[in-house]
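What follows is a short report on a single structure.
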Amino acid sequence: MPVNGMALASTAVGGVFLYAGIKGYSIPQAFQYVLQGKSPTTLSKATGIDTNTVADTQSSNSSPSANASSISADAVQYAGHCYLYGGAPGTNGKNCWDCSSFCNWVIGRDLGLAIPGYRAGQYTGVVHGPATLEWMVWSGCVTVQAKDAQPGDLLITSGHMGIYVGNGKMISALNEKLGTLVTTVQGAFGSSKPTYRRLR
């Protein structure tokens, strides 16, 4: 019986989408892993995932504000924390989180600053809190150019966000396999270009 090439290709593409969803990878990451025949761990050097180094919290561009410096310094202590899509940190921050609830915890709970939908000191971690798109449009942040990034700035796309820690690196909650890690910006976003947002 002849093989239908179109059906085979459709099945393969569907398999990559399924693999990406199960593993928590972006679609471009999943295609990269499948096409190169490598697991994410062997690609870590290529994508800039750094599991052993906490990035310098000072940027070469300019000195950050006290709040920004505090955000990045607080965030890096969570390298290695577990990931759960839609997870709420809990009142003690021990529960697994996703990319936005990680940022909510650091900024809203640890530092007691305002986050979208919550006044300063109001976020407790009991619920997930605001998602990435809420951070993208929130008036409590301003958009800055990538060249002007400072530690503590938020890097956001429609599907991922994290905290800039300086020198082209950021920390974010990536997926269930990798957890919360310091990576290069490109390592976290691939070919997507994040929007840089700074707390007012």
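The values are calculated or read from the model by the stated rules, or taken from the named source; none is laboratory data. Predicted, not measured: the structure shown is a model, and the values here were computed from it. FYI the Cβ positions are ideal-geometry reconstructions off the backbone, even for glycines, and counts take in every protein chain you see.
Summary table below
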{"item": "Residue within segment 119-126 that is within 15 Å of the chain's Cα centre (by Cα), assigned by TED's automatic domain parsing to the domain that holds MET170 and over 15 Å from LEU174 (Cβ atoms) present", "result": "no"}
{"item": "Those residues of segment 136-154 which are surrounded by fewer than 23 Cβ atoms within 10 Å (Cβ to Cβ) and either part of a strand (DSSP E or B) or among the aromatic types (Phe, Trp, Tyr) (or both), in sequence order", "result": "TRP138, CYS141, VAL142, THR143, VAL144"}
{"item": "Some residue of segment 167-184 being assigned to a strand (DSSP E or B) and over 24 Å from CYS82 (Cβ atoms)", "result": "no"}
{"item": "From the options TYR85, TYR78, residue that is part of a loop (DSSP other than H, G, I, E, B), aromatic (Phe, Trp, Tyr) and out of contact with any strand residue (DSSP E or B) (no Cβ under 6 Å at 6 or more places or on another chain)", "result": "TYR85"}
{"item": "Restricting segment 80-93 to residues that are out of contact with any Asp or Glu (no Cβ under 7 Å at 6 or more places or on another chain) and buried (at least 19 other Cβ atoms within 10 Å of the Cβ), the residue that is nearest to LEU174 (Cα to Cα)", "result": "HIS81"}
{"item": "Out of SER100, SER59, SER65, SER70, sole residue that is at pLDDT 95 or above and under 22 Å from LEU113 (Cβ atoms)", "result": "SER100"}
{"item": "Matching residues, segment 94-130, being touching an Asp or Glu at 6+ places or on another chain (Cβ under 9 Å), more than 19 Å from LYS177 (Cα to Cα) and among the small types (Gly, Ala, Ser)", "result": "GLY117"}
